[in-house]
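Rule-based calculations on the coordinates, nothing more; no lab input. Worth saying up front: this structure is predicted, and the values here are computed from it rather than measured. When we count neighbours, we look across all protein chains shown, and the Cβ atoms used for this are built from the backbone with ideal geometry, even at glycine.
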């Protein structure tokens, strides 16, 4: 090796320095030209759709979008969105692409079923990269400075002006414009299954939190008889366990009632965070502990408690796991069409109207929507100030 190194650096006795410099320069140009040509070839749509994973899935979706065919005839190809233009970032992206080649030959997504299974993970990885780069590739064609907001629709103009002022990045609101949106519900549904598994490990817990709506009863016998019950405990409602029987738990619920609305118990005074909806027969069992007037609304509220019986199960002892489930549901449901609004961006009572307005745009069932609203309300700005 040492001898080879010495021969490499030994001055030539056959060729002049000028000849060597010219030959080296020509070789460098040929190498660079070949390297650059290879880079450009790998940026073409034909190359990107060589693999059937792309050709049979996202390419078909892309052909139905405005980025593929439009009135102006300007087409954004795969590399325009997925390969950086600055040379250093472009090389880094090409090196990273070797990971994709590995999974291609391994067959990780070689069927439609496998592709759909991995679609949420792949989409979120691309979204994260675009967030990190401030949607650099989007801005090659689109920029706030070049937009005529007056020529946009009223709704679009309002949103774009706001995004421009706040420095929002493109991908925060424009996911799913070239490819079908993935179903992100698998993550929080798996989390719910984990909560259900935890709910059977609460034999010695003194405090429990419901993970779904539970029927409540005035006596343990009503559970065995299958009666209509005394009402319902809503998701994410905390109770204290005061007695255990074989197939029943006696729990104590404390909360607030608004004067004149005796059938509903809320988590906070002045905030409509539903804890329980009670049947008329249960109202007489409610004990009032104190009465206060809300200074903001002049409404009278009563701090109350009631003892109820419930069946074991569907409750956990660790509320943090419940909030993690709610947060995962929040991100999956509320960050695909627009940038995520954090729970503490609004007041607890404001979240009721917001969730109601957005309910038709999300794929949550009624029970999941209740849980999402409860999570958002309990982490709203005015509730966080008091402590969850």
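For the range 43-65, how many residues meet the condition of being assigned to a helix (DSSP H, G or I) and under 18 Å from residue 101 (Cα atoms)?
Final tally of qualifying residues: 12.
Scan (1) assigned to a helix (DSSP H, G or I); (2) surrounded by fewer than 10 Cβ atoms within 10 Å (Cβ to Cβ) for the single condition residue 40 breaks and write down its number.
The single condition residue 40 does not satisfy is (2).
For the range 109-116, state whether one or more residues are loosely packed, with under 11 Cβ neighbours inside 10 Å, outside any helix (DSSP H, G or I), free of Cβ contacts under 8 Å to residues at least 12 places away in the same chain and on the phi < 0 side of the Ramachandran plot.
So far as the range 109-116 goes, no, none of its residues is loosely packed, with under 11 Cβ neighbours inside 10 Å, outside any helix (DSSP H, G or I), free of Cβ contacts under 8 Å to residues at least 12 places away in the same chain and on the phi < 0 side of the Ramachandran plot.
Counting only residues that are under 15 Å from residue 251 (Cβ atoms) and over 31 Å from the mean Cα position of the chain (by Cα), which one in the range 206-227 is surrounded by the most Cβ atoms within 10 Å (Cβ to Cβ)?
Once the filter is applied, the top-ranked residue is 216.
For the range 318-336, indicate whether the set of residues that are assigned to a helix (DSSP H, G or I), surrounded by fewer than 16 Cβ atoms within 10 Å (Cβ to Cβ) and in contact with a helix residue (DSSP H, G or I) (Cβ under 6 Å, 6 or more places away or on another chain) is non-empty.
Scanning the range 318-336, I find no residue that is assigned to a helix (DSSP H, G or I), surrounded by fewer than 16 Cβ atoms within 10 Å (Cβ to Cβ) and in contact with a helix residue (DSSP H, G or I) (Cβ under 6 Å, 6 or more places away or on another chain), so the answer is no.
Name the residues in the range 141-157 that are surrounded by 10 or more Cβ atoms within 10 Å (Cβ to Cβ), within 20 Å of residue 74 (Cα to Cα) and free of Cβ contacts under 8 Å to residues at least 24 places away in the same chain, would you?
Result: 143, 144, 147, 152.
Can you tell me how many residues in the range 267-286 are surrounded by fewer than 18 Cβ atoms within 10 Å (Cβ to Cβ) and part of a strand (DSSP E or B)?
2
Restrict the check to the range 158-165 and report whether at least one residue is under 25 Å from residue 335 (Cβ atoms), in contact (Cβ under 8 Å) with a residue 12 or more places away in the chain and out of contact with any helix residue (DSSP H, G or I) (no Cβ under 9 Å at 6 or more places or on another chain).
Yes; the residues of the range 158-165 include at least one that is under 25 Å from residue 335 (Cβ atoms), in contact (Cβ under 8 Å) with a residue 12 or more places away in the chain and out of contact with any helix residue (DSSP H, G or I) (no Cβ under 9 Å at 6 or more places or on another chain).
How about the range 75-85: which of its residues are in contact (Cβ under 8 Å) with a residue 24 or more places away in the chain and loosely packed, with under 14 Cβ neighbours inside 10 Å?
Scanning the range 75-85 gives a single hit, 85.
Quick check on residue 343: is it under 23 Å from residue 184 (Cα atoms) and either crowded, with 20+ Cβ neighbours inside 10 Å or in contact with a strand residue (DSSP E or B) (Cβ under 8 Å, 6 or more places away or on another chain) (or both)?
It is true that residue 343 is under 23 Å from residue 184 (Cα atoms) and either crowded, with 20+ Cβ neighbours inside 10 Å or in contact with a strand residue (DSSP E or B) (Cβ under 8 Å, 6 or more places away or on another chain) (or both).
Within the range 287-305, how many residues are in contact with a strand residue (DSSP E or B) (Cβ under 9 Å, 6 or more places away or on another chain) and surrounded by fewer than 18 Cβ atoms within 10 Å (Cβ to Cβ)?
Number of matching residues: 12.
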